Amino acid sequence: MIARPSGCQGCVRNCRRNTDSGIGNESMCAASLWYSVADSLEVQVRAHDLMNRLGINGFESGLMPYLYNLYKMGVLGPGKQIDSQLPWERFGSWDFIESFLMSMADRTDIGADLADGSMAAFQRWGRWEEDTASGLAAWPNWGFVEHYDPRLEVEWSYGSIFGDRDINEHALNWHVHWMPLICAMAGEAPLLTAKELADTLAETTTLGDPMCFDYSEEGIYSDAKIKAVSWHRHYSRFWVQSMLMCDWVWPHLVEYGPTNGDVRGASPHYEPLAYKAATGLDLTFEEALEAGHKIFTFDRAIWCLQGRKPEDEVFTEYVYNVPTKAAYFLPIYKDGEWKYDTCLGRTLDRNKFEDVKKRFYEIEGWDPKTGVPLRETLESMDLGFLADELDKAGLYA
Amino acid sequence: MPSSSLENYGELPFSPVTAERATFLLRELDWGNHFIGSSMNPAMGNSDVYCYSLNGALKFLTQGSSRLGNLKGSTRTGMSWVEPLTFISWIRDKVGDAELADAIETALKEASDKAAASEATAKDENVDTAPKPLDPFASFGINELAPNIPFLQQISVISQCVGLRFMQLQEAVNAEESESTDKSAGESESEDQNKDEISTDDGK
């Protein structure tokens, strides 16, 4: 099978793929790796095609290994605690995955439970608490499978838990994690030192503080980090989720191959120019961040009206109790020096995270105890009607 | 899994193996005897990968059955993380393949020694070598077996050893099956011939 990348005109990322057979075309991202355990590449891509045709969520790439582990443990299978008549002994084959996907589409066998989402199924099977505590099921927030490490790369985890689902926004991830990881694996010096990276990000994000990019055991609970999480929510709510700029490219914070030696990316100057070109309107980068804040606060008010409480905004137990065991490079500031660290053996401190939560609410203009957007915050955003709704729901009592 | 013939690889670092032994080494292990690696892929982040067999480990090391990370023309690249010494122990103690474990150790050491020799030569010749990696890069992934080669090269060496061993074991099993099929086909032919003869006799 020969595949070639394809994408938008001029794009360096080319996130889609076409194959010579046509099977698996347009299968992308996590969904393209969903059945990596297949016996062959042909089976893998055929599975993705069927999954896409059936409209089944391909994000949960951890689902198949997890279910197979249950089978190996003797918990799932014919006549087992989780009874399943699917051909588990042929896991990896086409006939297995076809019957599995059809069971979800037809709500038969274990597909009847999984069709309601993996978290609901794990709870129904009585596995949720135990398996998310051990990390066997690494589903850290809102019933979504782990994407990037919630114990370390906290723009991702804090952003998800204070927001919704899994943020799936790679703005900082490429620079703080992938660049040093790839260089380290290849035995090469990093393209930028940890200090150069933190300084560059401080400038191009407009945050102005390199400590926003400190992922040390202290740094992930700092005020500077909370500012970075907040910035990320506001940037992406406006430019990525509302203006629909591609997440793989924007914000463009670092340029690794500059012709003039300047590693600063196109952000924050390009976005307002693109906005002006498309709409004819003037909008500063700062105004866009304020708009992102407004959108995020609007979302927040809705979530509060739906019943969200601070105690809902917690991670599953493995995040607090199971130490990281694979190298995960990130910049840290320690003993007065910047460096990249493997971040091995780390967990998220529950008490410190609870404190971060209060301070994050505060910085967003929400009540630090309840997380409900304050009336003055909403009114300053011309969203007073939302404050009235929150009041009517008794959320200001 | 590699599909090309072993003939392309010259002398194998393994002694001949019986089909019975090959079947044993290729078996699927039970829960508790598995190995956990970490798959690192931009499309899906990091995830634990559970390996229950040599074949499973090979799939993981080469980025899936799929080898999607290595698929020509694909934009999907990924890395497989294992702690080399722990992986070698798993091969030795759980899979039970001491010969493969020894082969990986030897190959890692040889690759590392070769890298050190090249660097020494470059220094002697005053060749301007690449800048030294910064801390903690200098120590990342380094172990006593392979102090002079980066992690990805270690994974590559490990993958090649596992791949060669897998092909050898698979060929041993296939040869046995093929022989067995030929034998039973031969017996069946012979039986048919006897039947024909009997039938002919009856006809007489």
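Observations on the structure shown:
- Considering only A:35, A:234, A:191, the residue lying farthest towards the positive end of the dipole of the protein assembly as shown is A:234, judged by Cα position with unit charges set on Cβ.
- Here the convex hull built on the C-alpha positions of the protein assembly as shown has a volume of 207 cubic angstrom per residue.
- Paramagnetic label zone (point 7 Å from Cα along Cα-to-C-beta, residue A:248; backbone N under 14 Å) in the stretch A:11-31: A:11-18, A:26-31
- Using the Cβ of residue A:352 as centre and a radius below 13 Å, the other residues enclosed give a net charge of +1, where K and R count +1 and D and E count -1.
- Per-residue mean of foreign Cβ neighbours for A:141-149 is 2 (Cβ atoms of other chains, 10 Å radius).
- Residue (of A:291, A:302, A:338) at the positive-pole extreme of the stretch A:262-338, dipole from beta-carbon charges: A:302
- The length gained by stretching the chain between residue A:379 and residue A:130 to full extension, at 0.36 nm per residue less their Cα-Cα distance, is 85.2 nm.
- Using just its DSSP H runs of length 4 or more, each adding -39500 (n - 2.57), chain A gives a mean residue ellipticity at 222 nm of -12000 deg cm²/dmol after division by all residues.
- Cross-link table A:325/A:357; A:227/A:294; A:334/A:358, entries beyond 18 Å C-alpha to C-alpha: A:325/A:357; A:334/A:358
- Ranked by the mean number of other Cβ atoms within 10 Å per residue, highest first, peptides A:364-372, A:106-114, A:212-220 order as A:212-220, A:364-372, A:106-114.
- Anchor residue B:183: aspartates and glutamates whose Cα lies under 15 Å away (excluding residues fewer than 8 positions away in-chain): B:191, B:192
- When the stretch A:228-349 is reduced to its Cα atoms, the Kirkwood hydrodynamic radius in Å: 17.8
- Placing pseudo-labels 7 Å out from each Cα toward the beta carbon at residue A:354 and residue A:312 gives an inter-label distance of 2.0 nm.
- Other protein chain Cβ atoms within 10 Å, averaged over every residue that makes up A:194-203: 0
- Ranked list, fewest to most other Cβ atoms within 10 Å of each Cβ, for A:29, B:161, A:11: A:11, A:29, B:161
- Relative contact order computed over the stretch A:150-263 (Cα-Cα under 8 Å; 6+ residues apart), in percent: 27
- Placing +1 on the Cβ of every Lys and Arg and -1 on the Cβ of every Asp and Glu, with nothing else charged, gives the protein assembly as shown a dipole about its Cα centre of roughly 1180 debye.
- As a rough footprinting exposure proxy, the listed residues A:308, A:53 were ranked by other beta carbons within 10 Å of their own, and the order from fewest upward is A:53, A:308.
- A Stokes-Einstein calculation at 25 °C with viscosity 0.890 mPa s, built on the Kirkwood radius of the stretch A:169-261 over Cα pairs, returns a diffusion coefficient of 175 µm²/s.
- Ellipsoid semi-axes in whole angstrom, largest first, where each is sqrt(5λ) of the Cα gyration tensor of the stretch A:1-159: 28, 22, 12
Quick note: the coordinates plus some simple rules give every number you see, no bench work behind them. Computed from a prediction, not measured in an experiment: that's the story for all the values here. Quick reminder, even Gly has a Cβ in these numbers, built from the backbone with ideal geometry, and neighbours come from all protein chains shown.
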